[in-house]
């Protein structure tokens with residue numbers, strides 16, 4: 001289902017620090033982020049409060065705010081006052097049940113040390129669900145810590161994604177997946193059931 005490149009959590013933290021320091025292009029605005037936020041709005045029309053996991057750059061938080069949401073952005077490393085420095089594995093310890101309506105997780109879940117801890121914490125703290133964007137991988141990845149089987153496909157189905165994530169999250173609905181082979185990423189919502 002997934003693999004870890006790191007033997008322990010301290011190695012994971014060091015790996016993430018090194019990766020993020022070398023990822024200048026990922027600290028800029030993503031061209032399709034506004035489209036993803038609109039998709040999130042369509043799936044979760046009642047949502048008001050968003051937890052933005054793995055923000056990296058303040059523009060991500062700002063784009064979600066521009067859409068009218070109240071947002072708290074978190075990342076493992078940040079020097080922005082718009083982003084709280086917090087390990088995503090600590091979400092469940094930081095906030096209580098249903099503190100947020102939905103989580104926005106763009107290119108962050110694949111960097112978790114333990115996706116089950118992260119997804120269960122998101123399920124606890126986010127009442128409605130999550131909107132997830134993941135890379136599509138052409139081969140084995142040396143950058144990502146967690147790699148799901150469906151990430152290596154050009155046309156993953158909702159059933160494939162559900163089969164891998166539901167054991168980690170509990171019962172979910174995935175109404176659609178939007179693969180973008182040109183951008184080598186996919187987006188999909190998780191709705192808690």
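The values are calculated or read from the model by the stated rules, or taken from the named source; none is laboratory data. The structure presented is a predicted model; accordingly, all values stated were derived computationally and were not measured. Cβ placement follows ideal geometry from the backbone for every residue including glycine, while neighbour counts extend to all protein chains displayed.
Looking only at segment 58-77, residues that are surrounded by fewer than 19 Cβ atoms within 10 Å (Cβ to Cβ) and more than 22 Å from residue 116 (Cα to Cα) come to 8 in all. Evaluate the following for residue 189: is it crowded, with 22+ Cβ neighbours inside 10 Å, at pLDDT 95 or above and touching a helix residue (DSSP H, G or I) at 6+ places or on another chain (Cβ under 9 Å)? Spelling it out, residue 189 is indeed crowded, with 22+ Cβ neighbours inside 10 Å, at pLDDT 95 or above and touching a helix residue (DSSP H, G or I) at 6+ places or on another chain (Cβ under 9 Å).
Is it the case that residue 59 is at pLDDT below 95, touching a strand residue (DSSP E or B) at 6+ places or on another chain (Cβ under 9 Å) and farther than 24 Å from residue 175 by Cβ? No, not satisfied. For segment 103-136, a tally of residues being at negative phi and within 11 Å of the chain's Cα centre (by Cα) returns 19.
Residue-level check: of (1) within 17 Å of residue 187 (Cβ to Cβ); (2) at pLDDT 90 or above, residue 68 misses just (1).
Results for (1) surrounded by fewer than 20 Cβ atoms within 10 Å (Cβ to Cβ); (2) out of contact with any helix residue (DSSP H, G or I) (no Cβ under 6 Å at 6 or more places or on another chain); (3) under 12 Å from residue 192 (Cα atoms), shown as yes or no for each residue.
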{"position": "102", "(1), (2), (3)": "no, yes, yes"}
{"position": "124", "(1), (2), (3)": "yes, no, yes"}
{"position": "150", "(1), (2), (3)": "no, no, no"}
{"position": "166", "(1), (2), (3)": "yes, yes, yes"}
{"position": "173", "(1), (2), (3)": "yes, yes, yes"}
